[in-house]
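The values are calculated or read from the model by the stated rules, or taken from the named source; none is laboratory data. Everything numeric here is computed off the predicted structure, so don't read it as measured data. Cβ coordinates were reconstructed from backbone atoms using ideal geometry, including for glycine residues, and neighbour counts include every protein chain displayed. With ligands, DNA and RNA removed, areas are computed over all heavy atoms of the protein, side chains included. Shrake-Rupley method; radii C 1.70, N 1.55, O 1.52, S 1.80 Å.
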Amino acid sequence: RAFKQFTLYHIAVRSVKTALREAVHTVKELDKYLTEQAMVTGLTREQTYGLVKEYQNLALQCGATTKEIASVATEYMKQGKTVQESLTLTKAAVSAAKVARVSVSDSVNYLTTALNGFRLSAEDAMRVSDKFAAVAASSATDYDELAIALSKVASQANLAGMSIDYTT
């Protein structure tokens, strides 16, 4: 009986240690993203830490983790986007990744290429993602293939005067 109690306590202590290690790792990664954001945007650390609440809310809306949201927002800020544009683009990219079952980094690349190729704004990101999903659902292709194909022709199609609707 004593051995059984000892084993249960040992398992509980080990579980708590593992959870604490994972929490410390997550906090360190989140801090890394916030530090990068501060460096590329010129915001103070306090201002970037103020964004964590927005990241948490966005994570709940998108079904992602706060760390995922912070990493995607950091990528967009590295591209020179404002904080508000980064949040808009992050929501579109993470939502698209979840729906299309592609990696978040691929989703960021697809949306960036489409938006830049057709010279669209951050507010158009969700609309572009919806277009990809709608065309993929009504054709014999998937979101991933469509986004890759569009990334190859977006700039040329825009120069030729074709809209994103026509091109997709």
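Where is the GNM fluctuation largest for the chain (alpha-carbon springs, 10 angstrom cutoff): 69, 148, 11? Highest fluctuation of the listed residues: 11. Report the calculated FRET efficiency for residue 99 and residue 5 (r = Cβ-Cβ distance, R0 = 41 Å), to the nearest 0.05. Efficiency for this residue pair is about 0.30.
Per-atom-type breakdown for the chain gives carbon and sulfur 57% of the accessible area (1.4 Å probe, protein chains only). Our summary of shape: the Cα atoms of the stretch 74-130 have principal axis extents of 27, 23, 15 Å, ordered from largest down, in whole angstrom. Gyration tensor analysis over the Cα atoms of the stretch 109-165 returns equivalent ellipsoid semi-axes of 17, 13, 10 Å (largest first, whole Å).
Where q = 0.20, 0.28, 0.35 Å⁻¹, what log10 of I(q)/I(0) comes from the Debye formula for the stretch 1-41, counting one point per Cα? For the requested q values the scattering log ratios are -0.66, -0.84, -0.99. Per residue, the accessible area of the stretch 18-146 comes to 53 Å², computed with a 1.4 Å probe over protein heavy atoms only. All alpha carbon pair distances within the stretch 46-168 were sorted into 5 Å bins beginning at 0; the resulting P(r) in whole percents reads 2, 12, 23, 23, 18, 12, 6, 3, 1, 0.
Full extension of the chain between residue 57 and residue 148 gives 29.8 nm of extra length, using 0.36 nm per residue less the Cα-Cα distance. Each of the peptides 120-126, 156-162 was scored by the mean count of other Cβ atoms within 10 Å over its residues; in descending order, highest first, they stand as 120-126, 156-162. Take the Cβ atoms of residue 116 and residue 23, set R0 to 41 Å, and the FRET efficiency comes out at 0.65. The dipole here belongs to the stretch 57-138: it is taken about the Cα centre, uses +1 on the Cβ of Lys and Arg and -1 on the Cβ of Asp and Glu, and is about 60 debye.
Expressed as an acute angle from 0 to 90° and rounded to the nearest 10, what is the orientation of the C-alpha long axis of helix 2-41 relative to the principal long axis of the chain? Helix 2-41 sits at roughly 40 degrees to that axis.
Under the criterion of Cα pairs below 8 Å and six or more residues apart, the relative contact order for the stretch 5-149 equals 16 percent. Rounded to the nearest 20, the size of the Cβ-charge dipole of the chain about its Cα centre is 900 debye, with Lys and Arg at +1 and Asp and Glu at -1.
Relative to the longest principal axis of the Cα atoms of the chain, the long axis of helix 143-159 lies at roughly 40 degrees. Of the three principal axes defined by the Cα atoms of the stretch 1-116, the extents in descending order read 67, 35, 19 Å. Pairs from the list 28/81; 78/131; 32/78; 32/81; 91/152; 17/98 with a Cα-Cα gap above 21 Å: 28/81; 78/131; 91/152; 17/98.
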